[in-house]
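This report refers to the structure that appears directly beneath it.
The values are calculated or read from the model by the stated rules, or taken from the named source; none is laboratory data. Keep in mind that this is a model prediction, so the values were computed, not measured. A quick note on method: Cβ atoms are made from the backbone with ideal geometry, for glycine too, and the neighbour counts reach across all protein chains shown.
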Amino acid sequence: MTSIEIANVSKRFRVSHYGTPSLFQLLRGLGQSASHKHNFEALKGVSLKIQKGDKVGLIGRNGAGKTTLMRLIHGIYKPDEGSVTVHGKVVAILQLGIGLIGILSVRDNIYFYGTILGLSGSEIRANYDNILAISELEEFEGAEVRQLSTGMRQRLAFAVATTVRADILLLDEVLAVGDQAFRNKCYSFLTETLAKSVTVLYASHNLASVMEYFPKTIWLDNGRVIDYGDTAEVLEKYKSKYGRPLEERQAMSAAAV
Amino acid sequence: MIAPYSEQYWNMARTFAYYGFRMRDQSTVLGFIWTLLHPLLLFLILFVLFRQRLGADIPNFAVYLLIGIVHWNMFANATNKAVNSLVSRRDMVVGMNFPRELIVFGDVGAALISSSLEFLVLILFAAIMGVPLSFAWLLVPIVFAIQSVLVVAVSLIVAGLQVFVRDVERIWSLLIRVGFFAVPIFYSLSILSGPWARAVILANPLTHNMTASRELMLEGRLASLGGLGYSLGVATVLLILGLALFRRAETSFAERL
């Protein structure tokens, strides 16, 4: 069964040189040529099919269109051309902590952030202790979130976000930040999730983690799909184009000696 | 994606408003007194200035004036806050998928909670000033509700516009400043001589809301039911228009911010 179907999708962004126009600029610009702005085509005729339960890695250089693709699947952007069809509830952990509010307490933030992510009040109450335990913030329950360290905030956001039951999970590099303990937690969450029938799309520059957890991989470059298939094969092509990560080079030279 | 007007949608709207209100630092009595200071000072100044001039012919001028100020403040505070609702939460709009009007509802809801408290203070003040209590006072919340519809409608429109034109905020705060004098807050309609001035002021639904509350509280009856009906009509039309415009623009908010 298809989980995500992307058919011939293009997405352009207007790049304006002065940001949001003022009223005056808007009126003046009405009869003028659009020389002061240009279009940036983030995705060019992308077609993809991801089956239910597939675990797919998403690789590509900065600006290749990974985030745009994620946001299109998430429904934050609408495609200019083509169509995006998604079956099931999408949860995206693209940036950790953007829904947190600094001047509210950890307790209030769990409720607020949970609500934005689509949890009901009773679901949050039922999972409250668990969320607090995963984030390891029991001691700071009443503290304002702005007083927490960056890592603590990420743990809090992660703990809430992972409580939401999803059919499709979109993950960005976020999971690879933080200290070792937090990363381990993220990876054990990943392993757990991968065992379920959830469809997972994981964007990362960490090729080793893609290799380890994701049987299939999409390679995007310059808004186009370069390759989509078995992870080992895709990664091999990717590496032969852009070079191998440091550890691999070290291992290879060690083997040569 | 959360379905519009579902149970979860209203749950989110409530949560946004509740925490919005908490963030305004008004959940404490002291915080509330701070926000009351502004309308009370304005009231004192206008009362001292106009008691023997514009207010000389108005029975119970003190209560008359405060009713005007509280109505005006409700509209001005909520819409001024709403202008920046979306642009100040760029991260949330770009990173998460939920109906965007909830952000506006939250800010407006928080402002309306403070306004309802101001209405309570107003009623207390009227009682202290010796205005005879009557059952008509119980109808003041209906005026409040009608004005809330107007506030929500206008808020949606200005919040959406601000995403596309960056000086809407400035234009709006200017309009609010000028508008203060174009509504009978510290004078009565009878002093207006020119037909134009009269027409402009009578076209404003806020005028009719103030008149209705004044009649209900000071005279214990509602003589100008037609005016209130007109106000409700304008508010409803603007709400339908505002929601339609907002829905149309909603998909491009994330791209423009």
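Residue-wise test of (1) within 10 Å of another protein chain (Cβ to nearest Cβ); (2) over 11 Å from A:V160 (Cα atoms); (3) part of a helix (DSSP H, G or I); (4) modelled with pLDDT under 90.
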position: A:A92; (1), (2), (3), (4): yes, yes, no, yes
position: A:Q95; (1), (2), (3), (4): yes, yes, no, yes
position: A:I101; (1), (2), (3), (4): yes, yes, no, yes
position: A:N109; (1), (2), (3), (4): yes, no, yes, no
position: A:G114; (1), (2), (3), (4): yes, no, yes, no
position: A:L119; (1), (2), (3), (4): yes, no, no, yes
position: A:R125; (1), (2), (3), (4): no, yes, yes, no
position: A:Y128; (1), (2), (3), (4): no, no, yes, no
position: A:I131; (1), (2), (3), (4): no, no, yes, no
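Can you tell me which residue within segment B:48-72, out of those that are surrounded by 20 or more Cβ atoms within 10 Å (Cβ to Cβ) and of a type outside the set (V, I, T), is farthest from B:V154 (Cα to Cα)? Selected residue: B:G55.
From the list A:A176, A:A159, A:A181, the one residue that fits, being modelled with pLDDT under 85 and either within 11 Å of another protein chain (Cβ to nearest Cβ) or under 20 Å from the mean Cα position of the chain (by Cα) (or both), is A:A176.
Apart from one condition, A:A232 fits all of (1) at pLDDT below 85; (2) assigned to a helix (DSSP H, G or I); the exception is (1). Please enumerate the residues belonging to segment A:55-85 that are among the hydrophobic types (A, V, I, L, M, F, W, C) and within 9 Å of chain B (Cβ to nearest Cβ). The one that is among the hydrophobic types (A, V, I, L, M, F, W, C) and within 9 Å of chain B (Cβ to nearest Cβ): A:I76. Here segment B:1-40 is the region considered, the condition is being among the polar types (S, T, N, Q) and more than 11 Å from B:I113 (Cα to Cα), and the residue that is modelled with the lowest pLDDT is B:T28. Filtering segment A:25-40 for residues that are crowded, with 17+ Cβ neighbours inside 10 Å, at pLDDT 80 or above, in contact with a strand residue (DSSP E or B) (Cβ under 6 Å, 6 or more places away or on another chain) and of a type outside the set (F, W, Y) leaves an empty set. Among the conditions (1) more than 16 Å from the chain's Cα centre (by Cα); (2) within 14 Å of chain A (Cβ to nearest Cβ); (3) touching a residue at least 12 places away in the same chain (Cβ under 8 Å); (4) buried (at least 16 other Cβ atoms within 10 Å of the Cβ), the only one that B:N11 does not satisfy is (3).
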